[in-house]
Amino acid sequence: QLRRGWLWGAITPAICTLLAAGLLAVWPTFALANLVMIYLVGVVYVSSRYGRPAAVLASVLSVAAFDFSFVPPRFTFAVHDTQYLLTFAVMLGVALLIATLTSRIREQAEASRQRERRTEALYRMTDALAGTNGLQGLADTAMRHVQEIFQSRIAVLLSDESKALTVRAASDDTIGRSSKDAGVAQWAFDHRQMAGRGTDTLPAAEALYVPLAASHGPVGVLALHHDDPAHLLAPAQRQLLEAVVDQIALAMERDQLA
């Protein structure tokens, strides 16, 4: 996507130049300053589709293309009339402002869509947990939904009466089963804190271990393995992870009390 953005950031000014040249050929008396609008439309397109870096490139190249193709003497970057320097400065400033505002709107729209997807995923998981009975069924349901939400390998470890953890549900046979990772999971359970991969606590572990802490104490640990450890701990993802863990812990505690 980034490479494609840079490509369109470079191509769009060329397309705008061809459109402006065609317009000038049909309407020779058309004011050169009005051709700037065509380039600004191109910048809006790039910024709305590919973000601010590509739009900045399009802005700079648009000024250069306008100077080279239309400002006398044409097909050089020399400028005999100094009033065009002000035109270039205003054109570049407006283009950069448009790029920034359009990119910000695009980012806000994407953030809104992500929040909506997270809310929907959390609702589906909560609804599924509410309709499931038994710790094993809850572990299986939680594993499936968390795997779908975070696109990670998942294991659910639950405690017994002696507070020892055992894997009750897992997306594969490797996660959470080594002696080293079992120790990390037990630490997260005992201290009610995240530990493992991507954190400052026992980061050599295979997975990230998150305690399933309910109001009467922890009931287990959720293990997540993602190819990019920082992805799970990004602010938005971490907030969603904490909400997911809370719902799983509450469902399991409710089942135990029942």
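The values are calculated or read from the model by the stated rules, or taken from the named source; none is laboratory data. Being a predicted model, the structure only gives us computed values, none of them experimental. In this analysis, Cβ positions are derived from the backbone assuming ideal geometry, glycine residues included, and neighbour counts consider all displayed protein chains. When the accessible area is computed, the model is the full protein with side chains, heavy atoms only, and any ligands, DNA or RNA have been set aside. Shrake-Rupley method; radii C 1.70, N 1.55, O 1.52, S 1.80 Å.
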Alpha carbon convex hull of region 1-101, projected area averaged over orientations, nm²: 5.9 nm²
If the only charges are +1 at each Lys and Arg Cβ and -1 at each Asp and Glu Cβ, what is the size of the charge dipole of the chain around the Cα centre, to the nearest 20 debye? 760 debye
Net lengthening on full extension, Met37/Asp228 (0.36 nm per residue, minus Cα-Cα): 64.5 nm
So with the 1.4 Å probe, I'd like the accessible area per residue for region 1-66, rounded to whole Å². 53 Å²
Per residue and in Å³, how big is the convex hull formed by the alpha-carbon atoms of region 61-118? 65 Å³
From the mean inverse distance of alpha carbon pairs (Kirkwood) and the Cα radius of gyration, derive Rg over Rh for the chain. 1.28
Centre separation in Å (Cα based) which lies between region 186-215 and region 61-82: 61 Å
For region 216-229, in order, what is each residue's ³J(HN,Hα) by Karplus, 6.51 cos²θ - 1.76 cosθ + 1.60 with θ = phi - 60°, in whole Hz (x at glycine and Pro)? 9, x, x, 10, x, 9, 9, 9, 10, 10, 10, 4, 10, x
Between Ala205 and residues 5 or more places away or on another chain, the pairs with built amide H atoms under 5 Å apart involve Arg197
The answer for chymotrypsin sites (Phe, Trp or Tyr not before Pro) in region 1-93 that fall in a DSSP coil and have at most 11 neighbouring Cβ atoms within 10 Å is Phe75, Phe77
So if I take the alpha carbon set of region 84-175, get Rg, then get Rh from the Kirkwood formula, what is the Rg over Rh ratio? 1.40
Fully extended, how many nm does the chain gain between Thr119 and Arg192 (0.36 nm per residue separation, minus their Cα-Cα distance)? 23.8 nm
Ordered by number, the trypsin sites (Lys or Arg not before Pro) in region 183-238 that occupy a DSSP loop and have at most 16 other Cβ atoms within 10 Å are Arg192
